[in-house]
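Peer 1: Have a look at this one before I ask anything.
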Amino acid sequence: MCNPAGGFRYKPADTSPSAYASIDALCAGAGGGFTTAAPVPVTPGAPQWVAQSTFTAGTATKLALTVDDGAGDLKACSVAFTPSGTTTTLGDVA
């Protein structure tokens, strides 16, 4: 659902573009090869979010988790957990 001025809406009733929806639409249209390295934080020593395709079972790690409260207020948080395998589910993390 592209807006006439550009960008994509998150919900059909939205009247302005959403950065998250626009990025998701672009990635979906471009395919899995449309990725880039995570930017280096401006603050030295600050955490850097990077993509990870698998986990090491039994090794503690952190995930960036995006939560939508249903009112359009997306929030990102860090979730620490220890995976039991090389993949996980939201139920194991939450």
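The values are calculated or read from the model by the stated rules, or taken from the named source; none is laboratory data. Bear in mind the structure is a predicted one, so any value in this text is a computation, not a measurement. Here Cβ is always computed from backbone atoms with ideal geometry, including for glycine, and neighbour counts include all displayed protein chains. For the accessible areas, the whole protein counts, side chains as well, though only heavy atoms, and no ligand, DNA or RNA atoms are used. Shrake-Rupley method; radii C 1.70, N 1.55, O 1.52, S 1.80 Å.
Peer 1: Note down all Cβ pairs under 6 Å where the first residue falls in the range 31-51 and is within 20 Å of Val79 (Cα to Cα) and surrounded by 10 or more Cβ atoms within 10 Å (Cβ to Cβ), the second is of a type in the set (Gly, Ala, Ser) and modelled with pLDDT of 70 or more, and they're at least six residues apart or on different chains.
Peer 2: Short answer, once both residue conditions are applied: Trp49/Ala64.
Peer 1: Quick check on my filter: what residues within the range 52-69 are farther than 16 Å from Leu90 by Cα, among the polar types (S, T, N, Q) and open to solvent by less than 90 Å² (accessible area, probe 1.4 Å)?
Peer 2: Thr59
Peer 1: Moving to a separate point now. I need a count of the residues in the range 58-74 that are out of contact with any Ser or Thr (no Cβ under 6 Å at 6 or more places or on another chain), in a loop (DSSP other than H, G, I, E, B) and not charged (D, E, K, R).
Peer 2: Here the count works out to 5.
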